[in-house]
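Worksheet: one structure, shown below.
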Amino acid sequence: MKKIAIIGGGSWGTALAIALTQSSRSHRLALWAHSAEVVEMLSTRRVNEIYLPGFEMPSDVEVTGSLEKALAGADIVLGVMPSAHARGIYRAMRPFAETNSVFVSATKGLEPNTHARISEIIAQEMSLDPLSRLAVLSGPSFALEVAAGDPTAVVLASANAQLASEVQEEFSGPRFRLYTNDDVIGTEIAGAVKNVIAIAAGICTGLELGTNAVAALVTRGLAEMTRLAVALGGRRETLSGLAGVGDLILTATGGLSRNRSVGIELGKGRVLKEILGATRMVAEGVGSAAATLELARRAQVEMPITEQVHAVLTAGRVTRDAIRDLMERRLKQE
């Protein structure tokens, strides 16, 4: 029986802990949370009332605030922390990680300062060969629906086909289905950039521009995501699958999307600081927009939607002006 250490006690980490207790394989589960309040809540009341209220954590999931305790004997380490904190947490894990642990990242974002993908951070901080013990979990998956047991299909990307197959078998269950691919770059870029596009889609909704505008925005956003992923070494077909168009549709149109919600409030005229201050949840697209633009600049890839989202987030650009600029760009072929 393998041990899985889930590192991150937010809504997604909590939902994955619940889902993995229902997988087809039996395993031991440990959930680490940075917040002492979350640890106490899950240990005593068995409900994460801050990030995922209404769902009981199964009694056989060990909850701890100690990385050493969570990682002891772990065969698989599932990272579910915000991208901005990923490097610090993986660095803190280093003294306690087992020599042969497999690392699976379920974080969808880019490191703000370095623009690194999370798998790159893991390889650096854990001194890992990314071809051997590293995988990425992504795809359309609202935490609340996963915790509720609603049917969900995601993708596991790894350069190591055997590892991908083993984790696929370990994680999959009757209501949580994993597909595999070997395109780590494309999968991670899709997971990060779709959050930025979802903010733009939310802005359209907040401005009440209609469903035509949202559909066009999402479609052209997918084109941006694909251009960048391919330029960085990913594959076009990855962006046509669960990690790309699947997750983009969910995040840009779903009512549970944090990034879309941020965009809606921006479209209504609220200030970003006020929007973010009203929630403890993380909208990854806010931090990933600048990193995405920098990657695009290095790769000489045009990303007009991302540029406008970045201007709205960082320079206070008026949302209606941003949409107008997108509509008045030079006419071109699709």
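The values are calculated or read from the model by the stated rules, or taken from the named source; none is laboratory data. Because the structure is predicted, anything quoted here is derived from the model rather than measured. Neighbour counts are summed over all protein chains in view; Cβ atoms, including those assigned to glycine, are modelled from backbone coordinates with ideal geometry.
A compact table of results
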{"read-out": "Residue match in the stretch 249-267 (condition: modelled with pLDDT of 95 or more, among the polar types (S, T, N, Q) and touching an Asp or Glu at 6+ places or on another chain (Cβ under 6 Å))", "value": "no"}
{"read-out": "Scope the stretch 171-199; condition in contact with a Gly (Cβ under 7 Å, 6 or more places away or on another chain) and surrounded by fewer than 24 Cβ atoms within 10 Å (Cβ to Cβ); matching residues", "value": "Arg175, Ile185"}
{"read-out": "Within the stretch 117-139, tally of residues that are closer than 21 Å to Ala289 by Cβ, in contact (Cβ under 8 Å) with a residue 24 or more places away in the chain and either assigned to a loop (DSSP other than H, G, I, E, B) or not basic (Lys, Arg) (or both)", "value": "5"}
{"read-out": "Exclusive hit being crowded, with 21+ Cβ neighbours inside 10 Å, touching a Gly at 6+ places or on another chain (Cβ under 6 Å) and outside the structural domain of Gly149 (by TED's automatic domain parsing), set Gly202, Gly206, Gly221", "value": "Gly202"}
{"read-out": "Filter pass, Thr292 being surrounded by fewer than 15 Cβ atoms within 10 Å (Cβ to Cβ), in contact with a helix residue (DSSP H, G or I) (Cβ under 9 Å, 6 or more places away or on another chain) and in contact (Cβ under 8 Å) with a residue 24 or more places away in the chain", "value": "no"}
{"read-out": "Test set (1) more than 23 Å from Gly186 (Cβ to Cβ); (2) at pLDDT 95 or above; (3) not charged (D, E, K, R) - Leu276 fails condition number", "value": "(2)"}
{"read-out": "Boolean, Arg260 is surrounded by fewer than 24 Cβ atoms within 10 Å (Cβ to Cβ) and either of a type in the set (D, E, K, R) or in a helix (DSSP H, G or I) (or both)", "value": "no"}
{"read-out": "When residues of the stretch 90-116 are limited to those that are in a helix (DSSP H, G or I) and touching a Leu at 6+ places or on another chain (Cβ under 8 Å), the one surrounded by the most Cβ atoms within 10 Å (Cβ to Cβ)", "value": "Met93"}
